[in-house]
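*Asks:* Below is the structure I would like to discuss, written out as structure tokens.
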Amino acid sequence: MTIAFTICSINYLAQARTLGDSLASTNPEILFVIGLVDSQEGVAFEESYQPKYPMVEIDKIGIEGFEEMAARYNITELNTAVKPFYFTYFFRQYPKAQNVIYFDPDIIVYQPLTELLTSLKNHEAVLTPHINTPIEDRLTPNELHHLNTGICNLGFVAFRRSEVNTEFIKWWEEKLRYECLIDLCNGLFVDQNWMNFLPVFVPDTHIERNPGYNAAYWNLHERTFSQKENVFYVNENNPLIFLHYSGYDPEKPAVLSKYQDRFQLSERPDAMPLFDIYRESLIKNGNAYYRKFACAYIKPPKVFRYQRVRKLLKRPFNYLKDQLDTM
């Protein structure tokens, strides 16, 4: 048995539904579950917007100290910080599950995951690097950005059931409990830099370099798309397994991703059909409807910013105090 899951708050359910639809059409044998970092208490979805995929709310998976985590993180950090806890939950709740796969909600799976499941039979875990080849310009993102944000992209990671993975995921949980911050000056970009340790701590980790995996704005310098007989290919010969539409907003359809400045979508006619598919899917699945919902666990922005600023101002004094205490 294989489980695939994503994590989101209600405001991203259109993306999660689109991912689920793609898995249902390409990999119907895989159980897809939405990890909901939100509360449905007092929420009544219109019938057409009621997700058809099972949703497991965050307060149901047994994270000790979750309220404290919610208080210290913004919505992006919180949705990322709970990722290893969901892996633990699925392996615990589904004894027959041999594999658990995570996908970011802004992904479409285009092909059966046959090769990935074979990799999980032969290896403990599977990751994809942001890039396979050097970047020849100074645009964003480049290698320096990836050094800051992680060599591998954690929009996807897969584990098989094993003792070594259980130990790694437990370690990962404790790191993300407190240090899943967007804080580049201190070497943190949510969970991604922590995953640099996976191939070190779990040596039998497979780094998947097939360009059909996790194609996204950060690797478009080395990947082009084509279509033959209703199948999308990458670099002519590799079927597109899944595309990560990170930073795409269907209300700004000309912008390939808000996180990059290397390509205008108009400059990539090879990618346009894929982005047309995604835009139409998000609109159909209620992107505008779900965007109206605020996450129940996140403080209002002004309150949260005040807490962050106060913490940053206190940091040098806390450092000085620590140094004095050690004298």
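The values are calculated or read from the model by the stated rules, or taken from the named source; none is laboratory data. Because the structure is predicted, anything quoted here is derived from the model rather than measured. Virtual Cβ from ideal backbone geometry, glycine too; neighbours counted across all protein chains shown. For the accessible areas, the whole protein counts, side chains as well, though only heavy atoms, and no ligand, DNA or RNA atoms are used. Shrake-Rupley method; radii C 1.70, N 1.55, O 1.52, S 1.80 Å.
*Asks:* Report the Stokes-Einstein translational diffusion coefficient (µm² s⁻¹, integer) for the stretch 80-122, Rh taken as the Kirkwood radius over Cα pairs, at 10 °C with viscosity 1.306 mPa s.
*Replies:* The calculation lands on 131 µm²/s.
*Asks:* Restricting things to Cα coordinates, could you compute the convex hull volume per residue of the stretch 1-154 in Å³?
*Replies:* Roughly 155 Å³ of hull volume per residue.
*Asks:* Output the antiparallel fraction of DSSP beta bridges having both residues in the chain, as a percent to the nearest 5.
*Replies:* If we restrict to bridges inside the chain, about 55 percent are antiparallel.
*Asks:* Which residues' amide hydrogens lie under 5 Å from the amide hydrogen of residue 233, considering only partners 5 or more residues apart or on another chain, with H built in the peptide plane?
*Replies:* Here the answer is 226, 227, 228, 240, since their amide H atoms fall under 5 Å of that of residue 233.
*Asks:* Assuming 1.567 mPa s and 4 °C, estimate D for the stretch 1-72 with Stokes-Einstein, Rh taken as the Kirkwood radius over Cα pairs, in µm²/s.
*Replies:* D, rounded to a whole number, is 97 µm²/s.
*Asks:* While we're here: Given the pairs 83/121; 52/292; 83/170, which span a C-alpha to C-alpha distance of over 18 angstrom in this model?
*Replies:* 83/121; 52/292
*Asks:* Among 156, 69, 181, whose Cα sits farthest toward the positive end of the charge dipole of the stretch 55-192 (+1 at Cβ of Lys/Arg, -1 at Cβ of Asp/Glu, about the Cα centre)?
*Replies:* Final value for the positive-end residue is 156.
*Asks:* What full-extension length gain, to one decimal in nm, is calculated for residue 268 and residue 163 as 0.36 nm per residue of separation minus the Cα-Cα distance? It would help to have the intermediate numbers written out before the result.
*Replies:* Values: separation 105, 0.36 × 105 = 37.80 nm, distance 4.45 nm.
This chain segment gains 33.4 nm when fully extended.
*Asks:* Which three extents, in whole angstrom, do the alpha-carbon atoms of the stretch 66-181 cover along their principal axes, largest first?
*Replies:* Extents along the principal axes, in whole Å: 48, 40, 26.
*Asks:* Among 9, 242, 254, pick out the residue whose Cα is farthest towards the positive end of the charge dipole of the chain, where Lys and Arg carry +1 and Asp and Glu carry -1 on C-beta, about the Cα centre.
*Replies:* Of the listed residues, the answer is 9.
*Asks:* Something else: Accessible area per residue for the chain in Å², computed with a 1.4 Å probe and the full protein assembly in place, what is it?
*Replies:* 49 Å²
*Asks:* What percentage of the solvent-accessible surface of the stretch 1-66, computed with a 1.4 Å probe over protein heavy atoms, is contributed by carbon and sulfur atoms?
*Replies:* Values: 1230 of 2660 Å².
In the stretch 1-66, the share of accessible area belonging to carbon and sulfur is 46 percent.
*Asks:* Relative to the Cα centre, what is the charge dipole magnitude of the chain, using +1 at the beta carbon of each Lys and Arg, -1 at the beta carbon of each Asp and Glu, and rounding to the nearest 20 debye? Mind dumping the intermediate values first?
*Replies:* Working: 34 positive and 40 negative charges, 159 e Å.
That gives the chain a dipole magnitude of about 760 debye.
*Asks:* For the stretch 102-152, just run the numbers: alpha carbon Rg, then divide by 2.2 N^0.38 Å, N being how many residues it has.
*Replies:* 1.46
*Asks:* What is the set of long-range amide H partners of residue 182 at a cut-off below 5 Å, with H atoms built 1.01 Å from backbone N?
*Replies:* Sorted by chain and number, the residues that satisfy this are 190.
*Asks:* Please work out the C-alpha center-to-center distance from the stretch 42-56 to the stretch 65-108 and express it in whole Å.
*Replies:* Value for the Cα centre distance between the two parts: 20 Å.
*Asks:* With a ≥ b ≥ c taken as the square roots of the eigenvalues of the C-alpha gyration tensor of the chain, please select rounded if a/c is under 1.5 and otherwise prolate if a/b is larger than b/c or oblate if it is not? Please list the in-between numbers first.
*Replies:* Values: a/c = 1.32, a/b = 1.27, b/c = 1.04.
Here the chain falls in the rounded category.
*Asks:* Quick one: in the stretch 194-270, what % of C-alpha pairs are over 21 Å apart?
*Replies:* Details: 1189 of 2926 pairs.
Here the tail beyond 21 Å accounts for 41 percent of pairs.
*Asks:* From the helices alone, meaning DSSP H stretches of at least four residues, give me the mean residue ellipticity at 222 nm for the chain, per-run term -39500 (n - 2.57), in deg cm²/dmol to the nearest 500.
*Replies:* Only helices count here, giving -10500 deg cm²/dmol.
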